[in-house]
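Chemist: The structure that follows is given in the form of structure tokens.
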Amino acid sequence: MYTTNKNSSLKPEIRQDMNNQPFMLSPSGKDYLWGGNRLNEDFAKGIDLFPLAETWECSTHPDGPSMITTGKFAGQTLSNVIKAHPEFLGTHPKAEDGLPILIKFIDDKKDLSVHVHPDDDYAREYENGSLGKSEMWYVLDATKDAKLIYGFYHDMDEETVRKSLADGTIEKYLQKVSVQKDDVFFIPAGQVHAVGAGALIAEIQENSNLTYRL
């Protein structure tokens, strides 16, 4: 701990160190219709939304930026602080406009719709230069019958996928995987997937909100 009086001041390098102390974040909440209320009940988020489907815990995405709650930058969005201090990002090649990742909690009271995310190349060309989305799930908790949709049972060509969507038979091709607490899944961009009812998930993903729903 450093102290000063009217006749003294901190050395510049000490002042700099104090300016760059770790800080706490407050998440953005999402009230998607499939969510529950465990994020408030189990984690005391105190977010006035019901349902509370997701909390974006560490985010610079414009759809849900995190707020800084402690230290020198309290009251500012994480996005604005990083814009003012790009040196905080280091040298990651994808960290040009903010953090290259987004961390969230997901409470699935109901099944999510089956969906897929584009990769970086597709998103860059067709989605105004956005990142695509690969993601990783860590299962914080799950009911006994909780399942995930994790790709197809076998390789599928475009014609078969389109036909099965048109005639309502897509579900018979989807691979359903039982899950339990502490399971970990990697979902690369381009893989069809969905979280099933009863799963509580921590997700680390690319900083993207692009979702194509089947």
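Chemist: For segment 87-137, just say rounded, prolate or oblate: build the C-alpha gyration tensor, square-root its eigenvalues into a ≥ b ≥ c, call rounded for a/c under 1.5, and beyond that prolate if a/b exceeds b/c, oblate if not.
Modeler: Here segment 87-137 falls in the oblate category.
Chemist: Regarding the chain, what's the average projected area of the Cα-atom convex hull, expressed in nm²?
Modeler: So the Cα hull casts an average projection of 15.4 nm².
Chemist: Also, I was wondering about something else. Using the Cβ atoms and a cut-off under 15 Å, what net charge is assigned to the surroundings of Asp141, where Lys and Arg are +1 and Asp and Glu are -1?
Modeler: -3
Chemist: Give me the compactness ratio for segment 93-180, meaning the Cα radius of gyration over 2.2 N^0.38 Å.
Modeler: 1.34
Chemist: Would you please classify the overall shape of segment 61-124 from the alpha carbon gyration tensor, given that a ≥ b ≥ c denote the square roots of the eigenvalues, rounded means a/c under 1.5, and beyond that prolate means a/b larger than b/c while oblate covers the rest?
Modeler: Oblate.
Chemist: Per residue of the chain, what 222 nm ellipticity follows from adding -39500 (n - 2.57) for every DSSP H run with n ≥ 4, rounded to the nearest 500?
Modeler: Mean residue ellipticity, 222 nm, calculated: -4500 deg cm²/dmol.
Laboratory data are not the source of any read-out in this text; all were calculated from the coordinates shown. None of these values were measured; they are calculated from a predicted model. Using ideal geometry, Cβ is built from the backbone for each residue, glycine included, and neighbour counts are taken over all protein chains shown.
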